[in-house]
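So the structure is just underneath, and the comments pick up after that.
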Amino acid sequence: MKLRTVTEGKGTQIVLIAIALAFLAFFVLLPLISVFSEALKAGIGGFVAAIETPDALSAIKLTLLIAAISVPLNVVFGIAASWAITKYSFPGKSLLITLIDLPFSVSPVVSGLIFVLLFGANGLFGGWLAAHDLKIIFAVPGIVLATVFITFPFVARELIPLMMEQGKDDEEAALSLGANGWQTFWHVTLPNIRWGLLYGVLLCNARAMGEFGAVSVVSGHIRGETNTMPLHVEILYNEYDFVGAFAVASLLAGLALVTLVAKSVLEWRFDLHSGARH
Amino acid sequence: MIKVQNITKRFGDFPALHGIDLEIQDGEFVALLGPSGSGKTTLLRIIAGLEFQDTGEVFFNGNDVSRLKVADRQVGFVFQQYALFRHMTVAENVAFGLTVKKRRERPSKAAIRERADELLRLVQLDGLGKRYPGQLSGGQRQRVALARALAIEPKLLLLDEPFGALDAKVRKDLRRWLRDLHKQMGLTSIFVTHDQEEALELADRVVVMDHGKIEQVGTPEEIYMNPQTPFVSHFVGETNRVAGEGGEVHFRPHDVDVVEEGGELVLVDNVFRKGGAWRVEGMLVETDLLVEFDVDAALPQPAAGDRLRIVPRRSRLFNPA
Amino acid sequence: MSTQYPSPKARARSWRKPSVLPGFALTFGTTIGWLTLIVLIPIATIFLKAAGLGWQQFLEVGFSSRALAAYRLSFGTAAAAGLVNAVFGLLVAWVLVRYAFPGKQIVSALVDLPFALPTAVAGIALTALYSPNGWIGQVLEPLGIKVAFTPLGITIALVFIGLPFVVRSVEPVLADLGRDVEEAAATLGANRSQTFSRVIFPAIAPALLTGFAMAFARGVGEYGSVIFISGNMPGRTEIAPLLIVTQLEQYAYAGATAIAVVMMLVSFGILLAINALQAAGRRRMGA
């Protein structure tokens with residue numbers, strides 16, 4: 001490392017690092033550790049037993065199903081939105097970006113509420129749905145809708161800056177070599193954005209599986225039917241089944257850790273890429 | 001033959017091109033020369049089909065291609081930053097144009113590989129086909145971009161600032177090499193540059209552009225020796241501009257004689273060696289205007305504070321427009 | 001031929017700049033359609049519903065004493081947590097950007113944990129830690145400090161949630177800030193604290209403020225991580241999002257809607273302020 005004369009003394013550095021690490025340890029690391037520690041309070045056997053209840057298994061299945069529907073939807077949307085926004089110029093573009101970001105600034109509970117107001121028993125379309133024997137609120141479609149809303153901006157938000165930076169040269173080169181639109185997208189654009197896309201998918205997926213507030217409002221908490229993993233954690237916790245609650249929670253925490261590791265690896269790869277680029 | 005007729009183009013409020021007419025013969029090597037914002041790149045992109053003109057037509061061999069897509073115009077385009085596909089190997093990059101052809105027009109895999117190897121040999125990169133663009137030097141990337149553009153067997157090769165991103169030494173080598181390649185392959189080529197030296201050295205004909213208009217079209221010799229407008233005179237080569245009777249007088253520093261009597265009196269300010277001559281910077285005593293001129297290095301070096309009398313050997317008078 | 005550009009005349013009428021890249025209609029249409037269906041119509045519904053209440057009822061249910069107490073609590077704890085994060089988030093960002101120490105990569109990844117960890121998990125974990133018999137709670141209990149089921153507990157949960165916003169806003173600006181300006185300040189005779197307060201801090205202040213505002217906005221709406229540790233006593237530790245849920249469970253749609261609209265207006269206000277702030281910053285930096 002290059003020797004820097006203009007910086008803090010070694011002592012100050014160590015003190016500052018220590019304070020920062022202590023803060024992170026207390027506020028971030030300790031909660032994470034406590035999840036696993038509480039989950040294993042009754043030993044491995046207790047942990048496995050808590051996961052293997054039919055309600056827990058059905059919550060896991062539902063959570064995977066929700067993510068499997070909502071993440072691909074947002075991937076398609078995210079790619080379409082960032083293609084439209086970064087490859088063309090049209091008026092109102094920054095307004096469009098702001099609107100895409102809108103779900104970020106809405107409380108999760110409110111996100112759930114708006115779908116209750118639309119599709120709930122007393123909602124705008126409630127009567128029509130009841131007449132046709134369709135159920136959205138307190139059923140899986142409602143959970144999907146709320147999740148899609150909550151995770152709406154994730155993929156687009158990762159791709160827009162990336163594609164903006166990459167410009168249109170590669171696509172124009174492909175077209176000048178005779179490629180059509182789809183060929184250009186598959187062979188040139190998609191490989192260029194794959195890591196950014198994966199990054200967005202990871203974050204989108206983590207949020208989709210972990211969303212609590214919005215899903216809580218629309219789900220109805222029907223055990224074995226409309227309970228996702230985070231909701232199941234709440235139910236178990238409120239029933240004082242702490243081992244069970246933390247066992248399911250530890251699965252979600254494990255997902256978070258996997259996400260973080262993958263994210264770090266991707267960030268490292270990104271640097272590698274931008275370094276090799278010029 | 002390429003014919004461009006009455007092309008205009010605006011970007012919002014900014015008029016990028018107005019009323020461009022240009023004809024380029026088969027086999028010609030043409031430079032579009034101008035400062036940034038002169039519209040030269042826009043014109044190149046319109047010829048390629050990467051940009052749309054607002055009015056006017058582009059003809060290839062008498063056919064109006066104005067409404068033909070870039071993919072259907074069969075032009076080779078070399079981008080300023082090369083736009084190589086980073087995730088493909090060099091060979092895959094070169095072969096791209098062949099692999100995206102419709103199935104019935106597409107050569108076999110073996111034929112494509114063969115052709116890519118051939119092109120890499122042509123650009124002297126044989127053996128580097130398995131590398132990725134990120135592992136090449138700037139000059140090598142440039143040649144990959146060229147090979148890729150040539151793979152679709154274009155009749156017309158368009159290059160946007162082809163040497164802009166390279167350092168001086170590599171630039172000089174590549175220039176000569178490109179010139180040879182152009183001849184050898186019987187191409188018609190148009191390249192954009194802001195570097196007058198590059199344009200004069202490389203091109204059969206130079207199109208000097210400024211503010212979206214063509215200022216002059218001619219051979220390098222004509223452009224340099226016979227600039228038709230004050231802009232060309234000033235932009236191409238070094239030029240002194242002094243006020244004269246009935247307009248502005250332009251003359252080159254090497255077109256100046258030092259005389260014993262008559263002429264204009266110059267107060268020498270600074271002298272340095274430039275090639276085989278002394279370059280003198282000084283001020284016209286009468287008008288306080290700065291001038292530069294060359295004095296044969298066989299003569300004694302003038303010194304600051306000297307007074308010399310000069311007469312332009314050749315000069316051009318431009319009337320105030 | 002089908003592969004032709006539109007005629008110049010048709011192009012002149014187009015509201016967007018023409019481009020050779022195909023797919024505008026498809027991608028733009030998908031974007032607008034999906035956005036309208038999933039985001040705009042649902043959000044419009046709630047405002048429509050609120051408008052249907054009329055002023056009288058809106059004020060009555062949206063600003064009842066219980067609702068006001070909930071706003072005070074939500075905005076107060078979110079602001080407090082935002083301030084804590086502004087200080088410590090800046091410190092964490094500084095340490096990550098400027099100093100070398102073992103395990104830095106892991107520490108950096110850890111900062112993002114609150115983004116990745118489901119809020120309900122964070123909620124029960126924090127409650128377990130800070131309840132009177134938890135790891136931290138049993139240390140604080142004898143000192144007379146109660147965290148769980150108090151506004152302090154809510155603040156701690158919001159510190160957890162908001163931390164990455166501040167760190168990730170400040171980090172790139174700090175990294176971008178060339179060492180040469182600090183060295184320039186030093187050659188001009190400034191000491192470290194002068195350099196920090198006069199040269200570094202002004203440069204990162206907009207990013208810090210943005211991070212604070214984002215953490216604040218997120219904190220105001222936060223639900224999952226808070227409800228376990230807050231104790232949920234109406235008027236005392238009942239946050240605004242929880243009040244919405246409570247109203248919904250009692251089928252008091254008017255109340256839920258009014259409170260939600262008040263919260264959304266505040267959030268959008270913050271969002272606009274952030275955008276204005278960033279635009280002003282860009283103008284000043286001439287970028």
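The values are calculated or read from the model by the stated rules, or taken from the named source; none is laboratory data. Computed from a predicted model, the values in this text were never measured in an experiment. Because the Cβ atoms are built from the backbone with ideal geometry, glycine has one as well, and the counts that use them run over all protein chains shown. The protein model used for the area step is the full one, side chains on, heavy atoms only, and it has no ligands, DNA or RNA in it. Shrake-Rupley method; radii C 1.70, N 1.55, O 1.52, S 1.80 Å.
In this structure residue A:165 has an accessible area near 130 Å², from a 1.4 Å probe over the protein heavy atoms. Taken residue by residue and averaged, Cβ atoms of other chains lying within 10 Å of the Cβ of C:190-198 number 1.
Treating only the Cβ of Lys, Arg, Asp and Glu as charged (+1, +1, -1, -1), what charge dipole size does chain A show about its Cα centre? Round to the nearest 20 debye. List each step's numbers first, then the result.
Values: 16 positive and 19 negative charges, 120 e Å.
Computed about the Cα centre, the dipole is about 580 debye.
Quick one: compute the contact order of chain C, relative version, from alpha carbon pairs under 8 angstrom and 6+ residues apart, as a percent.
That works out to 28 percent.
Please work out how much length the chain gains when fully extended from residue B:153 to residue B:311, using 0.36 nm per residue of separation minus the C-alpha to C-alpha distance, in nm with one decimal.
Contour length minus the Cα-Cα distance gives 51.5 nm.
Between A and B, buried accessible area summed over both sides at probe 1.4 Å, in Å² to the nearest 100?
Values: alone 16190 and 16660 Å², together 30970 Å².
Buried area (both sides, nearest 100 Å²): 1900 Å².
To the nearest hundred square angstrom, how large is the accessible surface buried between C and A, total for both chains, probe 1.4 angstrom?
Numbers: alone 17020 and 16190 Å², together 25440 Å².
Accessible area lost upon association: around 7800 Å².
The modelled label-to-label distance for the pair residue C:83/residue C:146, using points 7 Å beyond Cα in the direction of Cβ, is 2.3 nm.
Under a 1.4 Å probe, what is the accessible area of the stretch B:241-318 per residue, stated in Å²?
58
Which of rounded, prolate, oblate describes chain A, given a ≥ b ≥ c as roots of the alpha-carbon gyration tensor eigenvalues and a/c under 1.5 marking rounded, otherwise prolate only if a/b is larger than b/c? All intermediate terms of the calculation are to be shown ahead of the outcome.
Values: a/c = 2.09, a/b = 1.13, b/c = 1.84.
It comes out oblate by the Cα gyration axes.
The angle between the Cα long axis of helix B:90-99 and the main principal axis of chain B comes to about 60°, on a 0 to 90 degree scale.
Go ahead and run the numbers for FRET between residue B:204 and residue A:180, Cβ-Cβ distance against an R0 of 41 Å, rounding to 0.05. Present the calculation step by step, with values, prior to reporting the outcome.
Numbers: r = 35 Å, r/R0 = 0.85.
It comes to 0.70.
Straight Cα distances below 30 angstrom link residue A:10 to the lysines A:2, C:104, with same-chain residues fewer than 8 positions distant left out.
How big is the charge dipole of chain C about its Cα centre, in debye rounded to the nearest 20, if each Lys and Arg gets +1 on its Cβ and each Asp and Glu gets -1 on its Cβ? Display every interim value, and only then the final one.
Numbers: 20 positive and 11 negative charges, 219 e Å.
So the magnitude is around 1040 debye.
Relative to the current alpha-carbon distance between residue B:180 and residue B:301, full extension at 0.36 nm per residue lengthens the span by 39.4 nm. Please identify the DSSP H helices in chain A that span no less than 27 Å along the helix axis (Cα) and have a mean Kyte-Doolittle hydropathy of 1.0 or more. Once both thresholds are applied, what remains is A:54-87, A:242-277.
For the set B:225, B:209, A:164, solvent exposure ranked by accessible area (probe 1.4 Å, protein chains only) runs largest to smallest as A:164, B:225, B:209.
Among the chymotrypsin sites (Phe, Trp or Tyr not before Pro) in the stretch C:117-156, which ones are in a DSSP loop with at most 16 other Cβ atoms within 10 Å of the Cβ? Mind listing them?
On the way: sites: C:130, C:135, C:149; in loops: C:135, C:149.
Qualifying residues, ordered by number: C:135.
Restriction of the chymotrypsin sites (Phe, Trp or Tyr not before Pro) in the stretch A:172-278 to DSSP coil positions whose beta-carbon has at most 10 other beta-carbons within 10 angstrom yields A:240.
Counting only other chain Cβ atoms within 10 Å of each residue's Cβ, the peptide C:41-47 averages 6. Across the protein chains, with a 1.4 Å probe defining accessible surface, the residues C:253, C:99 rank C:253, C:99 from largest area downward.
If the only charges are +1 at each Lys and Arg Cβ and -1 at each Asp and Glu Cβ, what is the size of the charge dipole of the protein assembly as shown around the Cα centre, to the nearest 20 debye? Mind dumping the intermediate values first?
Values: 79 positive and 77 negative charges, 376 e Å.
Once rounded to the nearest 20, the dipole reads 1800 debye.
Summarising the label geometry, the points placed 7 Å from Cα in the beta-carbon direction at residue C:278 and residue C:187 lie 3.5 nm from one another.
The residue among C:177, C:187, C:153 whose Cα reaches farthest toward the positive pole of the charge dipole of the stretch C:134-205, with charges on the beta-carbon of Lys, Arg, Asp and Glu, is C:153. Take the residue pairs A:87/B:69; B:102/B:155; B:40/B:109; A:61/A:135 and return only those whose Cα atoms are more than 29 Å apart. Pairs exceeding 29 Å: B:40/B:109.
At a Förster radius of 25 Å, what calculated FRET efficiency corresponds to the Cβ-Cβ distance of residue B:195 and residue B:26, to the nearest 0.05?
Numbers: r = 26 Å, r/R0 = 1.03.
With R0 = 25 Å, the Cβ-Cβ based efficiency is 0.45.
Residue by residue along B:93-102, Cβ atoms of other protein chains within 10 Å of the local Cβ number 4 on average.
If you take every DSSP beta bridge fully contained in the protein assembly as shown, what fraction is antiparallel? Give it as a percent rounded to 5.
75
So, with a 1.4 angstrom probe, what is the percent of accessible area on the protein assembly as shown that is carbon and sulfur?
Numbers: 23450 of 39090 Å².
The computed percentage sits at 60.
With the simple spin-label model, which puts each label point 7 Å out from Cα in the Cβ direction, the residue B:283 to residue B:80 separation comes to 3.9 nm. For residue B:169, a cut-off of 18 angstrom between C-alpha atoms picks up these aspartates and glutamates, skipping any fewer than 8 places away in its own chain: B:161, B:180, B:195, B:197, B:198, B:201. How far, in degrees from 0 to 90, does helix B:138-150 lean away from the longest principal axis of the Cα atoms of chain B, to the nearest 10? Between the helix axis and the principal axis of chain B, the angle is about 60 degrees. Which residues does a label at residue C:203 reach in the stretch C:99-122, if reach means a backbone N under 17 Å from a point 7 Å past the Cα toward the Cβ? Residues passing the 17 Å test: C:99.
Dipole orientation for chain A: of the candidates A:248, A:221, A:266, A:266 has the Cα lying most toward the positive pole (charges on Cβ; Lys, Arg +1; Asp, Glu -1). FRET efficiency for the residue B:257 to residue A:269 pair, using the beta carbon distance and R₀ = 56 Å, is estimated at 0.25. Put +1 on the Cβ of each Lys and Arg and -1 on the Cβ of each Asp and Glu in the protein assembly as shown; which of C:99, B:233, B:88 then has its Cα farthest toward the positive end of the dipole? In the protein assembly as shown, that residue is B:88. Only helices reaching 20 angstrom along their own axis (Cα) with mean Kyte-Doolittle hydropathy no lower than -0.5 count here, and for the DSSP H runs of chain C these are C:41-62, C:65-98, C:151-176, C:201-221, C:253-285. Among the protein heavy atoms, those of residue C:277 account for about 60 Å² of accessible surface (1.4 Å probe, every chain in place).
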